[in-house]
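All remarks here apply to the structure that follows.
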Amino acid sequence: MAAIVGGGRGAKPGEISLAHNGVLFMDEFPEFSRAVLESLRQPIETGDVVVARANAHVRYPCKFMLIAAANPCKCGYLADPARACARVPQCGEDYLGRISGPLMDRFDLRVEVPPVGFCDLDLPASGDGSADVAARVAAARDIQSARFKDHDTLRVNADAEGALLEEIATPDSQGRALLTKVAERFGLSARGYHRVLRVARTIADLEGESDVRRPHVAEAVSYRLALSSEV
C-alpha cells in the first residue's frame with residue numbers, strides 16, 4: 001500500500017504521486033490486493049492524496065493517467081479451448097471480478113487485445129505509423145489548448161466538468177439519443193456518462209471536427225462497454 005499510495009517513515013510519496021502529470025502503468029492489475037486497488041479510487045477523481053501517519057500528515061499531488069493491463073483469467077488461456085482450464089468461463093469472471101465496479105467505472109477506455117497467431121507475426125505492418133498518430137494527437141492537443149486558453153487550471157478535455165463539459169461536448173440530437181439509450185440499457189453512472197462525453201469530444205478533436213456527432217458517441221461508448229459482463 002505505501003509503495004503505491006504513499007506512507008512509511010516520514011509519510012513519503014507513493015508511485016501515484018511520483019507519476020504526477022504522467023503515466024502510471026500497473027501490469028497484472030487484478031493481482032494487486034483489494035486494498036491497494038480501492039485506494040486508487042479517490043486519487044483518480046481528485047488528483048491528490050493525503051498520507052496520514054502518527055508523525056506526519058501530508059497532501060501530495062497525484063494527477064496521473066492510469067493504464068492497467070490484465071490477463072483474461074488467472075492462467076491466461078480463457079480464449080483458447082485447447083489450453084483453458086476446466087473452470088471456463090467462471091475463472092475469467094472471478095479473476096476480473098477482483099476489480100470492483102466503482103474502480104472499473106473510472107477507466108475511460110477498455111480495450112480487449114486478442115492473442116496474435118504465429119502466422120500473423122510475419123505479415124507486413126498495417127495501419128498508421130507512429131509519426132502519423134503522433135501528428136494527430138499533437139493537432140488534437142493544440143485544439144484543446146486553444147479551447148481552454150482562458151481557463152488557468154484546465155488543459156485538456158479530461159479536466160472539463162459541469163456546465164463547461166456540457167458546453168463543449170454536448171452531442172448532436174442523434175448522438176444524445178444514442179447516449180440516452182445506452183445509459184438506460186446499461187445503467188451508466190453519472191461518472192460514466194460524463195466520461196463518455198469527454199472521450200467523444202476527444203475523438204471529435206482527433207478527427208478535426210468542431211461538433212460531437214453520433215459516430216463519436218458510438219465509438220466512445222464502444223470503449224466503455226468493452227469487457228462489460230452486460231454486453
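The values are calculated or read from the model by the stated rules, or taken from the named source; none is laboratory data. Bear in mind the structure is a predicted one, so any value in this text is a computation, not a measurement. Ideal geometry is used to build each Cβ from the backbone, glycine not excepted, and the neighbour counts take in all protein chains shown.
Being at pLDDT 95 or above and either within 30 Å of ARG83 (Cβ to Cβ) or among the small types (Gly, Ala, Ser) (or both) narrows it down to one residue among SER145, SER126; which is it? Talk me through it step by step, then tell me what you get.
Values: SER126 fails: at pLDDT 95 or above.
The match here is SER145.
Would you call ALA134 outside any loop (DSSP other than H, G, I, E, B), more than 20 Å from the chain's Cα centre (by Cα) and either among the basic types (Lys, Arg) or surrounded by fewer than 16 Cβ atoms within 10 Å (Cβ to Cβ) (or both)? Spell out the reasoning first.
Working: outside any loop (DSSP other than H, G, I, E, B): yes; more than 20 Å from the chain's Cα centre (by Cα): no; either among the basic types (Lys, Arg) or surrounded by fewer than 16 Cβ atoms within 10 Å (Cβ to Cβ) (or both): yes.
It is false that ALA134 is outside any loop (DSSP other than H, G, I, E, B), more than 20 Å from the chain's Cα centre (by Cα) and either among the basic types (Lys, Arg) or surrounded by fewer than 16 Cβ atoms within 10 Å (Cβ to Cβ) (or both).
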Suppose the filter is loosely packed, with under 14 Cβ neighbours inside 10 Å, charged (D, E, K, R) and assigned to a helix (DSSP H, G or I); does ARG224 pass it? no
Conditions: (1) buried (at least 16 other Cβ atoms within 10 Å of the Cβ); (2) outside any loop (DSSP other than H, G, I, E, B). PRO102 meets all but one. Number of the miss? (1)
So in the range 185-221, with the set limited to residues that are in a helix (DSSP H, G or I) and among the basic types (Lys, Arg), which one is surrounded by the fewest Cβ atoms within 10 Å (Cβ to Cβ)? ARG185
Applying the selection to the range 1-42, what residues are in a helix (DSSP H, G or I) and over 25 Å from ASN71 (Cβ atoms)? ALA2, SER17, LEU18, GLN42
